[in-house]
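Input: a single structure, listed below in structure tokens.
The values are calculated or read from the model by the stated rules, or taken from the named source; none is laboratory data. This structure is a prediction, so every number in the text was calculated from the model and none was measured. Cβ placement follows ideal geometry from the backbone for every residue including glycine, while neighbour counts extend to all protein chains displayed.
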């Protein structure tokens, strides 16, 4: 599901993780992944991703979708630990018709 590319090689990343699913709606509520094993060739020692999902209502189309609300990633690359957090809002729904 994930690939890291250098100038001359690609490294496929094996992930392990878990998903929280709402019992009443069967929607994904949270998703977490971790590296299954470090990738010493690119000095990636660890990586953890967590995505929190929530309902987003689109009144114009009278639909509600479970979409990412917040995502966090932590990684240990080349001996440096990094944490990034992203928040998602102002989702836009569009459709394309073809005849």
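For segment 40-58, what are the residues that are buried (at least 17 other Cβ atoms within 10 Å of the Cβ) and either in contact (Cβ under 8 Å) with a residue 24 or more places away in the chain or more than 15 Å from the chain's Cα centre (by Cα) (or both)? If the condition is that a residue be buried (at least 17 other Cβ atoms within 10 Å of the Cβ) and either in contact (Cβ under 8 Å) with a residue 24 or more places away in the chain or more than 15 Å from the chain's Cα centre (by Cα) (or both), then 44, 47, 49, 53, 56 are the ones that fit.
The number of residues in segment 66-82 being out of contact with any helix residue (DSSP H, G or I) (no Cβ under 9 Å at 6 or more places or on another chain) and over 17 Å from residue 31 (Cα atoms) comes to 5. Take the conditions under 11 Å from the mean Cα position of the chain (by Cα), at pLDDT below 95 and exposed (fewer than 14 other Cβ atoms within 10 Å of the Cβ) and apply them to residue 2. Does it pass? Against the criterion (under 11 Å from the mean Cα position of the chain (by Cα), at pLDDT below 95 and exposed (fewer than 14 other Cβ atoms within 10 Å of the Cβ)), residue 2 qualifies. Across segment 65-86, not a single residue is classified as touching a strand residue (DSSP E or B) at 6+ places or on another chain (Cβ under 6 Å), exposed (fewer than 15 other Cβ atoms within 10 Å of the Cβ) and in a loop (DSSP other than H, G, I, E, B). Taking segment 7-64 as the range and being assigned to a loop (DSSP other than H, G, I, E, B), under 18 Å from residue 78 (Cβ atoms) and in contact with a strand residue (DSSP E or B) (Cβ under 7 Å, 6 or more places away or on another chain) as the test, the residues that pass are 38, 43.
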